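Accompanying notes for the structure given below.
The values are calculated or read from the model by the stated rules, or taken from the named source; none is laboratory data. On a predicted model such as this, the values are computed, not experimentally measured, just so you know. In this analysis, Cβ positions are derived from the backbone assuming ideal geometry, glycine residues included, and neighbour counts consider all displayed protein chains. Note: areas computed on protein heavy atoms with side chains; ligands, DNA, RNA excluded. Shrake-Rupley method; radii C 1.70, N 1.55, O 1.52, S 1.80 Å.
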Amino acid sequence: MTVMTERRAQMPVAEFEQLAHLVGKESESVRLEFIDGRIGAKGMPDGDHNEIVRWVARRCMQHRPDVWRYSGDQGLKVERYRGGRARPDGTLAPDGLFAGQGEWADPQGVLMTVEVTSYDADTHRRDREDKPAGYAAAGIPVYLLVDREHGTVTVCSAPDRDKGEYTVTQTVRFGASLVLPEPVGAVLETAELKRFG
C-alpha cells in the first residue's frame, strides 16, 4: 500500500510576507512569490515582456474603460491552500479595487490575470502549471498566458475553485484572433505579438 504524504510549505506565509517585503525594499532585480508552498524568485522583466503586458492592457482597457491594469508590483493572495502569494505580470481589475489593501491584496473582484513567459528554467512550472492553479483556486475568472517560447496565447476561464483548475482553455498562435470571455469580453488580434516573440 502506498501512502501519499502532503508536501509541507517551506515556511509559514507570515514569514514569507516579511521576507518578500525585505527583499522588495533591498532589490530592484528580483521579486518573491509563494506558490504552492514554495518560494520563487521572479526576475525583473525585459522590455519585450513589458511591452506585451502593456499591449494586452491597452486592448482590454479600450473595450472596458471602467477597468485598470495593475503592474506586477501588486501582489495577490492566491490559493486558499497554503496561503499562496503571487505577483501577476498584469492584473485587470476595476479602478480602485486594491485601495487600502497593502502589498498582498484579496483577489475578489479581479477580472483577469496576465502572465508572459520568461526565458528562465522556472517558467514552465510557474506560468503554465502553478500560477493558473492558484488563480483558479482564488476564483479569478480569466487567466491569460502569452507564451513567447511557443508563440502562442492561451486564455483560461470558468475556474473550478475546489479543483484549482480552469475548465475552459483556448490556445492560438501569434497572429490569430482570441476572444477573452466575460467579464473581460474583448477580442485580441494577436498579430502584433509576433514583434515581441
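Scanning segment 122-179 for residues that are among the hydrophobic types (A, V, I, L, M, F, W, C) and within 14 Å of the chain's Cα centre (by Cα) returns Ala133, Ala136, Ala137, Ala138, Ile140, Val142, Leu144, Leu145, Val146, Val153, Val155, Cys156. From the list Glu182, Glu165, the lone residue that is within 30 Å of Val30 (Cβ to Cβ), open to solvent by 70 Å² or more (accessible area, probe 1.4 Å) and touching a Pro at 6+ places or on another chain (Cβ under 8 Å) is Glu165.
What's the total number of residues in segment 29-62 that are exposed (fewer than 15 other Cβ atoms within 10 Å of the Cβ), over 21 Å from Asp130 (Cβ atoms) and not small (Gly, Ala, Ser)? Going through segment 29-62 one residue at a time, the tally reaches 5.
Of the set (1) in contact with a helix residue (DSSP H, G or I) (Cβ under 8 Å, 6 or more places away or on another chain); (2) surrounded by fewer than 20 Cβ atoms within 10 Å (Cβ to Cβ); (3) in contact (Cβ under 8 Å) with a residue 60 or more places away in the chain, all apply to Val114 but (2). Would you confirm whether or not segment 84-92 contains a residue that is more than 21 Å from Cys156 (Cβ to Cβ) and open to solvent by less than 50 Å² (accessible area, probe 1.4 Å)? Checked segment 84-92: no residue is more than 21 Å from Cys156 (Cβ to Cβ) and open to solvent by less than 50 Å² (accessible area, probe 1.4 Å).
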